[in-house]
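Trainee: First the structure, which I've put down as structure tokens, then a few questions once you've had a look.
The values are calculated or read from the model by the stated rules, or taken from the named source; none is laboratory data. Nothing here was measured: the structure is a model prediction, and the numbers come from that model. All Cβ positions, even for glycine, are placed from backbone atoms using ideal geometry, and neighbour counts span all protein chains on display.
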Amino acid sequence: MRKLTVATTVALTLATSFAAMAVHADTNDWNDGPYQVRVRGVWAFMNSTSDAFSLPGITAGTLNPIPGDAVNVNSSGYPELSGEYFFAPHWSTELAIPLPTSFDVKYRGAELGSIKTMPNTLTVKYQFADKGDLRPYLGLGAHMTWSQSEALNFPASALNNRADLQTVDKVHFGAVAQAGLDYRMARNVFLNADVRYLTKSTQDVNYYQGAGLTGITTQPWLVSVGISYRFGGSPVAAAVVAAPVVAAVVAPKPAPAPAPAPVVAKVDPDSDGDGVPDSIDQCPNTPRGAKVDKVGCACDVTQEVHFATGSAVLTAEDKAELDKLIPTLKKAHFINGEIEGHTDSTGGTAMNQKLSVRRADAVAAYLAGHGISEGRITTVGFGETKPVDSNATKEGRAHNRRVVIRRTDCAQ
């Protein structure tokens, strides 16, 4: 009990400190990491039963034979440390290791001794919400319960004769079911409440001469509260804040005085045939027939990048495609542009709408980081409302998970 009190006090102290620093911290700019460590204070409700048995060499009477369920293991508390790894959105695995703890063994309320035990659990968990402050979960897995021998003694006052008993070391394996809740108190800190049910394990009790007497079976409920720290995360790329562009006005130079002799006009060639003379053409070699602006740069700079399911993180391929586009945007004096985010039909409508905005913002942030910030860039998310391919196939869904960049201001 003292160990549980210390562990619970430490957990609550940490929780209060973190809460004072950053209750309801804004985490919209943060991607949670895949690793989490947790300290819990656990109370084990042992839910024990025992078989009926007789003590060899003891005269039969009121207390001999011993009836079934007369010997039981008391509940107790202990501290526990766990590590958790999130291997996919919503999915994780947790290994919980407790401090070996002695549990009192009693015969009809009389103290017999204790059994030291250590219920380790390994579970695979599904977290219903991988974003936000409140994150409930369910888990299934296995437990490995280790028990250590400790001598048990029936008091002389109970049987009018001393009979030494001894438990036997054993390791038991079984299933475990889990349910719990994480509540975010700061960017990396969560308060945890957890309940686990372990299938039964039996501790044999032998007479000191080696004769088997009974088995004490436990099916414990582990109820706990703790504090968690999640790490390995990264910041989300910040969205570009559009600012109006003020065009610089260059005063024209005064016209030169007319020459006394006739002036022969020079022909200004148009090498790429886009209708803009070479002397002011800032984008030479534009394909013939392409629509261009007044400085000869293509109006069509549409570019698509694609994402993994449920992700707003640019891949290396996406960045390579954007890197090809950046020189053109710089030459074109990018004045007005729109970045559209889209998703496939996987997931809920509201979630897809938010995801499409995050994808558009991620592309805008990448362009801003490469100098495309002098013009006005707007971002918009359309969710799953504008598919360009069928959502019934894997290839079609991949095509629909996209961000489209296009110029919206291209005066001739």
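Trainee: Would you say Ser271 is within 24 Å of Thr378 (Cα to Cα) and among the hydroxyl-bearing types (Ser, Thr, Tyr)?
Mentor: Answer is no for this residue.
Trainee: Okay, moving on. Kindly indicate the residue of segment 302-320 that is crowded, with 17+ Cβ neighbours inside 10 Å and of a type in the set (A, V, I, L, M) and also modelled with the highest pLDDT among those meeting that condition.
Mentor: Leu314
Trainee: In segment 151-193, what residues are at pLDDT 65 or above, in a loop (DSSP other than H, G, I, E, B) and out of contact with any Asp or Glu (no Cβ under 9 Å at 6 or more places or on another chain)?
Mentor: Selection gives Asp169, Ala186.
Trainee: Does segment 184-203 hold any residues that are small (Gly, Ala, Ser) and closer than 18 Å to Asn120 by Cβ, and which are they?
Mentor: If the condition is that a residue be small (Gly, Ala, Ser) and closer than 18 Å to Asn120 by Cβ, then Ser201 is the only one that fits.
Trainee: Filter segment 103-136 down to the residues that are of a type in the set (D, E, K, R) and part of a strand (DSSP E or B) and list them by number.
Mentor: Asp104, Lys106, Glu111, Lys116, Lys125, Arg135
Trainee: Does Val250 fit the bill of being modelled with pLDDT under 70 and out of contact with any helix residue (DSSP H, G or I) (no Cβ under 9 Å at 6 or more places or on another chain)?
Mentor: Working: modelled with pLDDT under 70: yes; out of contact with any helix residue (DSSP H, G or I) (no Cβ under 9 Å at 6 or more places or on another chain): yes.
Yes, satisfied.
Trainee: Same structure again: Mind counting the residues in segment 366-396 that are surrounded by 19 or more Cβ atoms within 10 Å (Cβ to Cβ), of a type outside the set (Val, Ile, Thr) and at pLDDT 85 or above?
Mentor: 4
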